[in-house]
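Shown next, in structure tokens, is the structure this report addresses.
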Amino acid sequence: MDKDLSRLLNPALQHIGAYKVEGGQQADVKLNQNESPFDLPVLMKEAILDEFKQEAWNRYPDILPFRGIQAYANFVGVPSESVMMSNGSNEMLYTIFLACLSKGRKVVIPIPSFSLYEKLAILLQSQVVAVPMHEDLAFDVPEIIRRARDEKAGFVVLSTPNNPTSRSLSLEEIRMIASEVDAIVLVDEAYVEFSREESAIALLEETPNLIVLRTMSKALALAGMRIGFAMANPELMAQIAKPKIPFTSSRLAEITLTHVLDNYHLVEEAVSYILNERVRMSEALRKINGIRVFESDANFIIIRVSDAQKVFSYLAGQGILVRNVSGYPLMENCLRFNIGLRQENDLLLEKLLALQ
């Protein structure tokens, strides 16, 4: 870009890139974006659209999606004043980071973790205090606490289960971190429905510095609808809500949410299917020579191979998209793929076996 223009932009832009998905978003077998393999039933979609047809499309939705907020608050059992709905959890991340960070402030981020955290911190000209995972990709809880204290960080971000490592913190570990640091602690639970650990929502009443983030894109199979939620004590939520962009959640999203929550047994059935396949896939992968399988607590599996780019390209040529996560710290030659339908998973296993 012409220097005369670049000097007018945020200087942090020089240190970040635009988001992209290597290999694209279309394939015969698409396992690279941690999506649910199950779409909503056609009859439910028709009922949602019939209800949405009655809405006035020429009018703005509510400033904040109060009906969706109330529905989700009732579902998880917290006061509506503790809940904020957003256009996907990524939008909620932008809101929370704007509320919690500014130039020169410090944020503790275990690494590797979701790349958007660091990107937002850089944009806000904050300082990232990176705390590496253990070699087996588990969280280093004592080091998270120590670095937050030593660096006087006012914000700690914990993705659990973590993307891209698929490991979780226990409820007691989250409680320990939140109680021992002088910081707001954000717990991103995008994959919590697949976890063996209890949700940090259980800590909201006792932990005033805690924010819990949820997405409807994974277990609830609504990645295309863009629905996310944050939860915190009402006083903290009132502050977080101040930079929230108004009108970002559509009535279609609210209507869809209520229909899915009313039929949550479909989500539970899908999660059960994915968890059973996760066990089956992990066991089968461990029998393949040259592959290391990491423990998973999410809807995806991490494997280490001798040449991740070679395997990625081979699978792409076979019509199977996975994610090469080798660029993350501690994850050299690692691939990530979400659990798909049984026949998709079997095809992936077949192609990996053929590489032996």
Checklist line | Charge dipole (the range 53-263, unit charges on Cβ, about Cα centre) - positive-most of 124, 78, 221 | finding: 124
Checklist line | Backbone HN-Hα couplings from phi across the range 270-281 [Karplus 6.51/-1.76/1.60, Hz, Gly and Pro as x] | finding: 5, 4, 4, 4, 5, 5, 5, 5, 4, 5, 4, 5
Next item on the list: Could you size up the charge dipole of the chain around its Cα centre, putting +1 on the beta carbon of Lys and Arg and -1 on that of Asp and Glu, and report it in debye to the nearest 20?
Entry: 1000
Next item on the list: Enumerate the calculated ³J(HN,Hα) couplings along the range 37-47 in order (Karplus 6.51 cos²θ - 1.76 cosθ + 1.60, θ = phi - 60°), each rounded to whole Hz, writing x wherever the residue is Gly or Pro.
Entry: x, 10, 8, 5, x, 4, 4, 5, 4, 5, 5
Check: Each residue of the range 100-109 in order: what ³J(HN,Hα) in whole Hz does its phi give by Karplus 6.51 cos²θ - 1.76 cosθ + 1.60, θ = phi - 60°, with x for Gly and Pro?
Finding: 10, 10, 7, 4, x, 6, 10, 10, 8, 10
Notebook entry, point to check: Given a Förster distance of 30 angstrom, what is the FRET efficiency for residue 149 paired with residue 10, based on the Cβ-Cβ distance and rounded to 0.05?
Noted result: 0.45
Notebook entry, point to check: Rounded to the nearest 20 Debye, what is the dipole magnitude of the range 53-263 about its Cα centre when Lys and Arg each give +1 and Asp and Glu each give -1 at the C-beta?
Noted result: 860
Next item on the list: Can you check what the net charge comes to around residue 70, using other residues whose Cβ is under 13 Å from the Cβ of residue 70 (Lys, Arg +1; Asp, Glu -1)?
Entry: -2
Next item on the list: Could you tell me which of 137, 293, 25 has its Cα farthest along the dipole of the chain towards the positive end, charges placed at Cβ (Lys, Arg +1; Asp, Glu -1), taken about the Cα centre?
Entry: 25
Next item on the list: Count the DSSP beta bridges whose two residues both fall in the chain, then state the antiparallel fraction as a percent rounded to the nearest 5.
Entry: 50
Checklist line | Listed residues 265, 15, 134, most fluctuating in the chain (Gaussian network, C-alpha, under 10 Å) | finding: 15
Margin query: Using Cβ counts within 10 Å as a stand-in for footprinting exposure, how do 245, 291, 69, 174 rank, fewest first?
Written below: 245, 291, 69, 174
Checklist line | Three-way shape call for the chain based on the alpha-carbon gyration tensor, with the a/c threshold at 1.5 | finding: rounded
Item checked: Among 58, 162, 32: highest mean-square fluctuation, GNM of the chain, C-alpha pairs under 10 Å -> 58
Margin query: What aspartates and glutamates does residue 218 reach when the alpha-carbon gap must be under 15 Å and sequence neighbours fewer than 8 apart in one chain are set aside?
Written below: 35, 39, 188, 189, 193, 268, 269, 297
Check: So what does log10 I(q)/I(0) come out to for the range 53-263 at q = 0.08, 0.18 Å⁻¹, using the Debye formula with one equal point on every Cα and no solvent?
Finding: -0.26, -1.31
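Bear in mind that the values in this text are calculations on the coordinates, not laboratory data. All of these numbers come straight from a predicted model, not from anything done at the bench. Cβ: placed from backbone, ideal geometry, glycine included. Neighbour counts: every protein chain shown.
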